[in-house]
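Peer 1: Can you read through this structure? Questions will come right after.
The values are calculated or read from the model by the stated rules, or taken from the named source; none is laboratory data. If you're wondering where the values come from, they're calculated on a predicted model, not measured in any experiment. All Cβ positions, glycine included, derive from the backbone under ideal geometry; neighbour counts span all protein chains shown. For accessibility, only protein heavy atoms count, side chains too; no ligands or nucleic acids. Shrake-Rupley method; radii C 1.70, N 1.55, O 1.52, S 1.80 Å.
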Amino acid sequence: FFESNNMTDKIFSLKSLLLQGEHQSKTALSDFFEKFKNDSIALDKWIAIQIESKEFFSKSNETVTSKVKNFLQKSFFSRSNPNRVYALLGTYFFKNMREFHRGDDSESYEIWVNEILMLDNLNSQLAARLTRSFDGWKNFESRYQSKMKVALETVAKKSKSKDVLEVCTRLLENK
């Protein structure tokens with residue numbers, strides 16, 4: 001990672017460090033952020049790598065959900081930037097299902113509801129696309145299905161756009 005001289009090598013080296021859970025991974029993450037914090041594409045990759053790298057978090061005390069909550073509060077995160085939203089929330093909702101549906105608490109579903117509803121006010125099409133992360137909700141174990149159904153019903157009830165409402169209605173009706 002530290003000797004890489006192009007973005008492709010840096011990204012794959014960083015992924016490798018995260019997957020191995022090496023101590024150097026934290027240093028590499030910090031180094032990458034400092035070098036590329038003003039490059040939106042690189043920053044999106046930096047965010048997504050961390051959210052999809054469950055192995056990194058299994059070797060630390062930090063969960064993916066806590067990392068998502070932390071990133072939501074950072075100045076580099078903006079809900080008005082669709083690519084940034086996809087990097088963080090799209091990766092969390094679609095690409096790291098094990099961590100998103102982890103445990104018996106409902107924290108990740110609360111994040112899903114809150115973020116879908118916030119995005120619904122800013123960019124209803126983006127919110128609707130992220131709502132589709134629950135497309136297969138009826139294929140999950142019943143303990144997850146019940147929480148996902150409540151989340152879908154909450155969003156359907158509070159949604160202000162036809163885009164999100166249409167997706168929620170279709171998912172709840174299973175058509």
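Peer 1: Go through (1) in a helix (DSSP H, G or I); (2) touching an Asp or Glu at 6+ places or on another chain (Cβ under 7 Å); (3) open to solvent by 80 Å² or more (accessible area, probe 1.4 Å) one by one and return the number of the condition Lys160 breaks.
Peer 2: Tallying (1) in a helix (DSSP H, G or I); (2) touching an Asp or Glu at 6+ places or on another chain (Cβ under 7 Å); (3) open to solvent by 80 Å² or more (accessible area, probe 1.4 Å), Lys160 fails exactly one: (1).
Peer 1: In the range 108-129, which residues are out of contact with any helix residue (DSSP H, G or I) (no Cβ under 6 Å at 6 or more places or on another chain) and not basic (Lys, Arg)? Outline the logic, then answer.
Peer 2: Step one: list which residues in the range 108-129 are out of contact with any helix residue (DSSP H, G or I) (no Cβ under 6 Å at 6 or more places or on another chain), which gives 110-111, 114, 118, 121-123, 129.
Result: Glu110, Ile111, Asn114, Met118, Asn121, Leu122, Asn123.
Peer 1: Then there is this: Condition test on Lys74, is it over 19 Å from Asn174 (Cβ atoms), among the basic types (Lys, Arg), surrounded by fewer than 20 Cβ atoms within 10 Å (Cβ to Cβ) and touching a helix residue (DSSP H, G or I) at 6+ places or on another chain (Cβ under 8 Å)?
Peer 2: Numbers: over 19 Å from Asn174 (Cβ atoms): yes; among the basic types (Lys, Arg): yes; surrounded by fewer than 20 Cβ atoms within 10 Å (Cβ to Cβ): yes; touching a helix residue (DSSP H, G or I) at 6+ places or on another chain (Cβ under 8 Å): no.
Here the answer is no, as Lys74 does not meet what is asked.
Peer 1: Could I ask something else about it? Hey, any hits in the range 119-131 for a residue that's buried (at least 17 other Cβ atoms within 10 Å of the Cβ) and outside any helix (DSSP H, G or I)?
Peer 2: From the range 119-131, those buried (at least 17 other Cβ atoms within 10 Å of the Cβ) are 119-120, 123-124, 126-131; that's our starting set.
Those left that are additionally outside any helix (DSSP H, G or I): 123.
The answer is yes; a qualifying residue exists.
Peer 1: Taking the range 110-146, which residues are of a type in the set (Lys, Arg) and modelled with pLDDT of 95 or more? Give the steps one after another, and end with the answer.
Peer 2: Going through the range 110-146, the residues of a type in the set (Lys, Arg) turn out to be 129, 132, 138, 143.
Result: Arg129, Arg132.
Peer 1: Could I ask something else about it? So, in the range 31-54, exactly how many residues are closer than 18 Å to Asp9 by Cβ and either out of contact with any Lys or Arg (no Cβ under 8 Å at 6 or more places or on another chain) or hydrophobic (A, V, I, L, M, F, W, C) (or both)?
Peer 2: 14
Peer 1: When you go through Leu29, Leu88 one by one, which is the residue that is open to solvent by less than 40 Å² (accessible area, probe 1.4 Å), at pLDDT 95 or above and of a type outside the set (D, E, K, R)? Lay out the reasoning, then the answer.
Peer 2: On the way: Leu29 fails: at pLDDT 95 or above.
Only one candidate passes the filter, namely Leu88.
Peer 1: Let me ask another. Any idea which residue in the range 1-15 is surrounded by the fewest Cβ atoms within 10 Å (Cβ to Cβ), counting only those that are in a helix (DSSP H, G or I) and in contact (Cβ under 8 Å) with a residue 12 or more places away in the chain?
Peer 2: Going residue by residue through the range 1-15, those that are in a helix (DSSP H, G or I) are 7-15.
Next, only the ones that are in contact (Cβ under 8 Å) with a residue 12 or more places away in the chain stay: 7, 10-11, 13-15.
Details: Met7: 13, Lys10: 22, Ile11: 18, Ser13: 16, Leu14: 22, Lys15: 18.
Selected residue: Met7.
Peer 1: How do the pairs read when you match residues in the range 139-162 that are aromatic (Phe, Trp, Tyr) with residues anywhere that are surrounded by 17 or more Cβ atoms within 10 Å (Cβ to Cβ), using Cβ under 8 Å and keeping only pairs 6 or more apart or on different chains?
Peer 2: Phe140/Met148; Tyr144/Trp137
Peer 1: A follow-up question, please. For the list (1) assigned to a helix (DSSP H, G or I); (2) of a type in the set (Gly, Ala, Ser); (3) modelled with pLDDT under 90, I need the number of the one condition that Ser60 fails.
Peer 2: With (1) assigned to a helix (DSSP H, G or I); (2) of a type in the set (Gly, Ala, Ser); (3) modelled with pLDDT under 90 applied to Ser60, the lone miss is (1).
Peer 1: Please determine, by comparing only the residues of the range 102-118 that are out of contact with any Lys or Arg (no Cβ under 6 Å at 6 or more places or on another chain) and open to solvent by less than 50 Å² (accessible area, probe 1.4 Å), which one is farthest from Ser78 (Cα to Cα).
Peer 2: Gly103
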